[in-house]
Amino acid sequence: MILSLAAAMSSGGIPQNTTSSSPFDPSPLDPWLDPYPDPYPDLPGVNASSSDVPGRTYTSDLDLRPLTSQQDVSPWDVALCVTGTLIACENALVIAVLFYTPTLRAPMFILIGSLAFADLLAGLGLILNFVFTYLVEGEVVTLVATGILIAAFSASILNILAITVDRYLSLYNALTYHTERTVLFTYLVVGVIWLVCLVLGVLPALGWNCLDDQSTCSVCRPVTKSNAVALAVFFLLVFALMMQLYLQICRIAFRHAQQIAVQHQFLAMSTTKGVQTLSVILGTFATCWLPFAMYSIVADSSYPIIYTYSTVLLAACNSVINPVIYAFRNPDIQKGLWLACCGCVPSNLSLRPRARTSSDV
């Protein structure tokens, strides 16, 4: 009935027979009883039409009435938001422990703190992306969310590379490491990393986006295809450098085990544990980031969006695992966690400063 009345009104005529099969049907001539009254009957493009039925989403730019249905929420976006929340909570805990533990001020812990802050920012970026997608509209907020995610994930990757370099130098220059790697030098390295990542983050807002030409979009709108390829190649170069450094670390660790015959058995066990740790680090990093990097190179915006969601979610999981690999495994940070949560330290964790071994790589 509502369909026929709306069609007649849109054609300029009034239906002659308005008899309803139900006495409770509202009259189309009574705006107080009409479930969808038209508050602007004289404005062009706003009048009711034959599609003015429950569940309709208005598309007219002049239509100021509230929507009758909400935008469907993608389960993939919910999964990314939940992952971002987990990332933010984990890394906020790491930052709190490093900040409130005065003994954790060595260069290694500064790099771990920088990595935790980058992952924390990535988690917040995923949450903001969900909010901007479903609650706030506009190109500006889209560019802001994209810039935060690019800067955060780039900083996460570069901080992992910096930690790899630090671990390599701690074994290659074991005698002079503590005098050469000062806290000031580490802060300078962290400052350079964040400066580079901030520049990458503001590039979409400076015009490196596909908002004006949708055909140039990559799998992650509004990043252009060429920029996505450049970022993917940048990641592949970082990954190749990490592999080379970790191979050198393995060689140094095995050479140390062969040179010191007295501690050969101890160092052999320690070296084996170190190689296993290297495998976990590189395997996790490659599993999380390689699918997204390769997909960004070969795919474009015409590909099914489910592939983009799955690879992005896998890449975000790397920020979930980073605190476990680089922070929670460290005995010094474990002691800080126990002291902060329980006020005591288990007997198996010594309160003495611990010397680094090859298993710490």
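The phi-based Karplus calculation (6.51 cos²θ - 1.76 cosθ + 1.60; θ = phi - 60°) puts the 3J(HN,Hα) values of the stretch 238-243 at 4, 5, 5, 5, 4, 4 Hz, whole numbers, x for Gly and Pro. The Cβ shell under 15 Å around THR186 holds other residues with a net charge of +1, Lys and Arg each +1, Asp and Glu each -1.
Every number here is computed from the coordinates shown, using simple stated rules; none is lab data. Computed from a predicted model, the values in this text were never measured in an experiment. Don't worry about glycine lacking a Cβ; one is built from the backbone with ideal geometry, like all the others, and counts go over all protein chains shown.
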